[in-house]
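These notes are about the structure you will find just below.
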Amino acid sequence: MSFVHKFKILFSKNFDEIAYSSKHLFNFKKLWIVIFLLSSFVAIVPLLFFALIDYKVTQKALESEVVMKTSHLTSNTSRFVSFFLDERRLALEFIIANNSYEELKDRNNLNLLLENLKSTYGGFTDLGLIDSGGIQINYSGPYNLEGKDYSEQLWFKKVCEENKFITDVFLGYRNVPHLSIAIKHERNDGSFFLLRATIEERFINLLSQIEISEKGDAFIINDWGILQTSSKYFGKIFNRVSFDVPERSEETKVIKFQDSDKKDLVMGYIYLKDTPFILMIVKDSKEFSLPWKQSSVNLVEYLIISIIVIILWIVGITSFFVRRLKATDIRRIKNMQIAEHANKMASIGRLAANIAHEINNPLAIINEKAGLIEDKFKIQEIYKHDEKLLKNIETILASVERCGKITKRLLRFAKHKEVTVSNVDINEIINDVLGFLEKEAQHREIKINLDVEENLPNILSDKGKLQQILLNLINNAFAAMPEKGILNTSIYYNEDEKEVVIIIADNGCGIPPENLKKIFEPFFTTKNELGGSGLGLSITYTLLQKLGGSISVESEVNMGTKFKIKLPIKFEKNHFGEQDL
Amino acid sequence: MRVLLIDDEEELVSTLAERLCIRGFQAEWVTDCRAALALADEIEFDIAVIDVKMPGASGFEIKKQLQNKFNKMKYIFLTGHGSEDDYETGLTEAGEKYYLIKPININELVKILQELYNE
């Protein structure tokens, strides 16, 4: 049976369902749903819970990984940039320490120094000597800047105060983006001069050497948020960035924010020491959200498959157990019905005994009184001429006799005589019974076919009761058949069930379906006018139960009736029927 | 043949006695145990026909009391059939042949009386 079919059966209103629905201990549909929901809840909720935790943990891990990577990259890059600037500042300090003012004023010497700086360190554009008045008194480089006055410029004032200074990137007189590194040197006479070098595209392109992912961006801004190098996200040099300048920190920090396009970004930054620069490394958060999304998709796939498997399993197991429970419950109800029926039969039996007793006493009085009157007619011949009265008396006595027969049969029905077990040859019994009816069969030209299996085993049972059972059934068959009817009797042994099966089939009038269920009930008869008591089949039923056997019937109106008797090969005294009746 | 009929149903027992008398028996009737013992003292009965179910002493108890005093007396029981126990005891006490269920056929009773008498 397929699973789907089994599942359908669980909820279908089949015959049993309709017959027993009011007697079931459980509402199986409701039970199934409750078990299913509870099991699903218990199984799926922890799964969802752990999936959620996994989701969050993965998210956190990936985020912190990105934060860490960004932080490392920012730190490394800051060291690289700082080193670049420090190296060049120290080179200038070295030159200023090893060259006198006069030597620096010498154009050739300054040209030589610039050439040396370019070949040794690279990146330098020009070199200039500025006196304490802010005038560039010597200059080596591609521009014509000798004699320019820097006294009003901020960087000049700063370097005078701080002795060394690195400017942010600006256009200056040359109108080319550059930064300046200026060193102040005090002379013995108390005056001072400055050595200033500028760096152009080398600094501006410095960060292009940094290996960063496709969606990453590395750039430098100054304290006012002006770009000092070009940025992928925030535009070209000298643009103002769209976000607020982060708070000062000489330690690497990582923050998350959204740009003007509402794009989620992760940014590492650090203020470079002794410079006006803030190094920034920006990454698109998609970079980390992608693997995280992939991992989430995997998680959801795993979750869905798990839930489907769990639900299928729960449906299967719930259906299995509810079906078993239902089958058990149906068996229980059937047994209850058998017990109820047996109990009913026993109660009716006791009732029959009491009724018979109550009726028999007045019947006996009527019998004796009428008998006495009859005696006076017949024996004492006192009233022998009144034939009409005599006829009436005979009718009364005949009626009493008829009632007496009924009450005696009732009493037989109520009798609880112990079963006497002996080794019984069923073939012999059925031949005896058929012998009783031989005369009637001949008279009505009824044909009797007897088919007995060869080597039919003897059974341990009660001979007298079997005779009574078979006589009842064959009598009924005779009553149902017209003249020239056919009675088919067969007996065989069912080895699997260890029972002997007797089939008695007639081709008589049959039993209508509406009566078929009632035929084993006491007092049910359709032969009232023929003097049927309605106890024959009821007695048969009770006797068979006592013998541990069973009886079933099939019938079709005008086609005939077939009774099937099953008898255990070995009668067991503690059998259900014997115990409860 | 002298027959003692014991049954609490006076109408029944008196009529039955009369019918037996018509058939040539010397039949007497009583409706309880005491009367039965008293009458048995006066007349030597061959057979007692006793109803099993009677108020006071049951048919079987009456039989025991009669048996103690009159060892030659034989017994037939009548019953309207009450309980299962009565039936079983009746069969044990009297045997199926001498245990009759009411209403009885007078000819059958006569036949049994004669058989028992001749045993």
*What number of residues in region B:62-79 are more than 26 Å from residue B:103 (Cα to Cα) and of a type in the set (A, V, I, L, M, F, W, C)?*
1
_Any residue that is without any contact (Cβ under 8 Å) to a residue 40 or more places away in the chain and either touching a strand residue (DSSP E or B) at 6+ places or on another chain (Cβ under 8 Å) or surrounded by 15 or more Cβ atoms within 10 Å (Cβ to Cβ) (or both) - is there at least one of those in region A:205-222?_
no
*Residues located in region A:78-116, provided they are under 15 Å from residue A:275 (Cα atoms) and either touching a residue at least 24 places away in the same chain (Cβ under 8 Å) or among the charged types (D, E, K, R) (or both)*: A:78, A:79, A:80, A:81, A:82, A:84, A:85, A:86, A:87, A:88, A:89
*(1) surrounded by fewer than 19 Cβ atoms within 10 Å (Cβ to Cβ); (2) within 14 Å of chain B (Cβ to nearest Cβ); (3) under 30 Å from residue A:543 (Cβ atoms): which one isn't true of residue A:357, the others all being true?*
(1)
*asked:* Report every pair of residues separated by at least 6 positions or lying on different chains whose Cβ atoms are under 9 Å apart, first residue within region A:391-402 and within 14 Å of chain B (Cβ to nearest Cβ), second among the β-branched types (Val, Ile, Thr).
replied: A:393/A:373; A:396/A:366; A:396/A:373; A:397/A:366; A:399/A:366; A:400/A:366
_In region A:442-486, the residues that are among the basic types (Lys, Arg) and either surrounded by fewer than 16 Cβ atoms within 10 Å (Cβ to Cβ) or not in a helix (DSSP H, G or I) (or both)_ = A:444, A:447, A:484
_Based on this model, can you work out whether residue A:191 counts as among the hydroxyl-bearing types (Ser, Thr, Tyr), modelled with pLDDT of 90 or more and under 23 Å from residue A:105 (Cβ atoms)?_
no
*How many residues, within region B:1-41, are at the interface with chain A (Cβ under 10 Å from one of its Cβ atoms), in contact with a Gly (Cβ under 8 Å, 6 or more places away or on another chain) and either assigned to a loop (DSSP other than H, G, I, E, B) or at positive phi (or both)?*
0
_Selection count where residues are at pLDDT 85 or above and of a type in the set (Asp, Glu), scope region A:364-414_ = 5
*Selected residue (only one of A:388, A:408, A:384, A:369 is more than 10 Å from every other protein chain (Cβ to nearest Cβ) and either in a helix (DSSP H, G or I) or within 30 Å of residue B:51 (Cα to Cα) (or both))*: A:388
*Does residue A:340 count as in a helix (DSSP H, G or I), without any contact (Cβ under 8 Å) to a residue 40 or more places away in the chain, within 14 Å of chain B (Cβ to nearest Cβ) and of a type in the set (D, E, K, R)?*
no
_Selected residue (only one of B:52, B:13 is under 22 Å from residue B:117 (Cα atoms) and in contact with a Leu (Cβ under 6 Å, 6 or more places away or on another chain))_ = B:13
*Condition test on residue B:44, is it touching a residue at least 40 places away in the same chain (Cβ under 8 Å) and at the interface with chain A (Cβ under 9 Å from one of its Cβ atoms)?*
no
*Any chance region A:123-146 includes a residue that's closer than 30 Å to residue A:69 by Cα and in contact (Cβ under 8 Å) with a residue 60 or more places away in the chain?*
yes
*Kindly check whether there is at least one residue in region B:106-119 that is at pLDDT 85 or above, within 16 Å of residue B:6 (Cβ to Cβ) and within 14 Å of chain A (Cβ to nearest Cβ).*
yes
*asked:* Any residue that is within 14 Å of chain B (Cβ to nearest Cβ), closer than 30 Å to residue B:13 by Cβ and either part of a strand (DSSP E or B) or touching a residue at least 60 places away in the same chain (Cβ under 8 Å) (or both) - is there at least one of those in region A:414-435?
replied: yes
*Listed residues A:300, A:315, A:322; which is in contact with a Leu (Cβ under 7 Å, 6 or more places away or on another chain), under 30 Å from residue A:45 (Cβ atoms) and of a type outside the set (D, E, K, R)?*
A:322
_With the requirement that a residue be basic (Lys, Arg) and either within 14 Å of chain A (Cβ to nearest Cβ) or surrounded by 18 or more Cβ atoms within 10 Å (Cβ to Cβ) (or both), what does region B:53-70 give you?_
B:53, B:63
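The values are calculated or read from the model by the stated rules, or taken from the named source; none is laboratory data. Note that this is a predicted model, so its numbers are computed, not measured. Quick reminder, even Gly has a Cβ in these numbers, built from the backbone with ideal geometry, and neighbours come from all protein chains shown.
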